[in-house]
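J.: The structure that follows is given in the form of structure tokens.
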Amino acid sequence: MLGVVKLEAKKKMAITLNSGFKMPIIGLGVWRMESQQVKDLIHNSIKIGYRHFDCAADYKNEAEVGVALKEAFTSGLVKREDLFITTKLWNSDHGHVIEACKDSLKKLQLDYLDLYLVHFPVATRHTGVGTTDSALGEDGVLDIDTTISLETTWRAMEDLVSMGLVRSIGIRFHCCWLPGYFFDISTSNLLEKLIILFMQNRT
């Protein structure tokens, strides 16, 4: 019961993104969730106060998450506007940003995403929208697609916002050299605030 009380207090904590939307700082990641367990885990998480769910095309369970979310909405367990749903663009879809986003929306059974992230700031050979494969070259090394710049990917991400498919955008993994890609892009607030959360194991 103590854990539920703590979560009830923490779920009200949120940060305001530069898009103006608020993001709950406590969220549940669906990475490595077994397909047959997704619905129960998400529904139970909602019941104890979770309102932010972190997904990704590469987690390969967006369809199962979508079924769980739809049931949660139709049953009255929670309203769509009360949840914050994040998912991510995979490396092989950097040249197909809009199609990849629409694919994720279809699987998640949503009309819009609260946050869409570039999973890794590197484009790899396209293997089909939503397949999230990591194709290797003839040398056995990851096949990087050098024809697609991160600037190109980012501009397509901005288009998603203009289209109303996504409310906020960002990049999940980045390095110290990343801001150089954005020096001529109108994203002055992209790295305005960096929050570092240290992982802790608690019993």
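Every number here is computed from the coordinates shown, using simple stated rules; none is lab data. Everything numeric here is computed off the predicted structure, so don't read it as measured data. Neighbour counts run over all protein chains shown; Cβ positions are idealised from the backbone, glycine included.
J.: Among LEU160, GLY137, LEU108, pick out the residue whose Cα is farthest towards the positive end of the charge dipole of region 51-174, where Lys and Arg carry +1 and Asp and Glu carry -1 on C-beta, about the Cα centre.
T.: Going by the Cα projections, it comes out as LEU108.
J.: Same structure, new question: Provide the descending list of Cα extents for region 22-134 along its principal axes, expressed in whole angstroms.
T.: 41, 31, 22
J.: List, in the order given, every pair from LYS70/LYS107; LYS22/LYS106; LYS22/LYS79; LYS39/LYS79 whose Cα-Cα distance in the structure shown is over 22 Å.
T.: LYS22/LYS106
J.: Given 0.36 nm per residue, what is the gain on full extension from LEU28 to VAL161 after removing their alpha carbon distance, in nm?
T.: Values: separation 133, 0.36 × 133 = 47.88 nm, distance 2.39 nm.
Taking 0.36 nm per residue and subtracting the Cα distance, the gain is 45.5 nm.
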